[in-house]
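Notes follow once the structure below has been shown.
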């Protein structure tokens with residue numbers, strides 16, 4: 001079978017019981033993503049860095065596609081969590097990069113007054129594949145060398 005787009009378990013998580021994401025209904029646009037392990041997202045304090053929550057997943061896609069990571073609509077009202085970057089962008093060349101195999105992580109901030117305890121298998125966000133467009137004079141030729149946050153590294 002030709003691989004077009006999908007999710008796989010990232011290296012280092014093969015024996016961790018990672019569930020591949022699923023859409024919950026026929027008309028759902030996004031795939032629900034689970035935490036790969038138990039983690040605490042502390043209550044936010046000024047100057048604090050976001051908490052990176054492992055998914056144990058990587059994603060493959062076509063060259064003109066992107067995977068967006070987004071908060072679930074229930075994330076803030078129920079748990080107090082928001083994505084620190086509002087929307088995560090997973091580029092096609094992030095897949096199997098030499099730094100981290102393309103491991104997808106959610107960067108979360110907890111805005112409630114108490115710490116949030118996330119259990120392995122808890123839903124932490126959602127992911128949606130979509131096409132993207134480039135401009136007429138696009139001349140991008142760079143090659144990704146790193147993993148998380150490496151696009152702007154020279």
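Name every residue in the range 62-109 that is over 22 Å from residue 5 (Cβ atoms), in contact with a helix residue (DSSP H, G or I) (Cβ under 6 Å, 6 or more places away or on another chain) and either touching a residue at least 40 places away in the same chain (Cβ under 8 Å) or assigned to a loop (DSSP other than H, G, I, E, B) (or both), in order of residue number. If the condition is that a residue be over 22 Å from residue 5 (Cβ atoms), in contact with a helix residue (DSSP H, G or I) (Cβ under 6 Å, 6 or more places away or on another chain) and either touching a residue at least 40 places away in the same chain (Cβ under 8 Å) or assigned to a loop (DSSP other than H, G, I, E, B) (or both), then 81 is the only one that fits.
Is it the case that some residue within the range 114-129 is more than 24 Å from residue 17 (Cβ to Cβ) and part of a loop (DSSP other than H, G, I, E, B)? Yes; the residues of the range 114-129 include at least one that is more than 24 Å from residue 17 (Cβ to Cβ) and part of a loop (DSSP other than H, G, I, E, B). Please work out which residue is farthest from residue 70 (Cα to Cα), limiting yourself to the range 97-154 and to residues that are surrounded by 14 or more Cβ atoms within 10 Å (Cβ to Cβ) and at pLDDT below 90. Out of the qualifying residues, it is 144. Of all residues in the range 73-92, those being crowded, with 16+ Cβ neighbours inside 10 Å and under 17 Å from residue 129 (Cβ atoms) number 4. Residues of the range 19-42 that are closer than 18 Å to residue 56 by Cβ and without any contact (Cβ under 8 Å) to a residue 24 or more places away in the chain: 22 alone.
The values are calculated or read from the model by the stated rules, or taken from the named source; none is laboratory data. Just so it is clear, the model here is predicted, and its values are computed rather than measured. All Cβ positions, glycine included, derive from the backbone under ideal geometry; neighbour counts span all protein chains shown.
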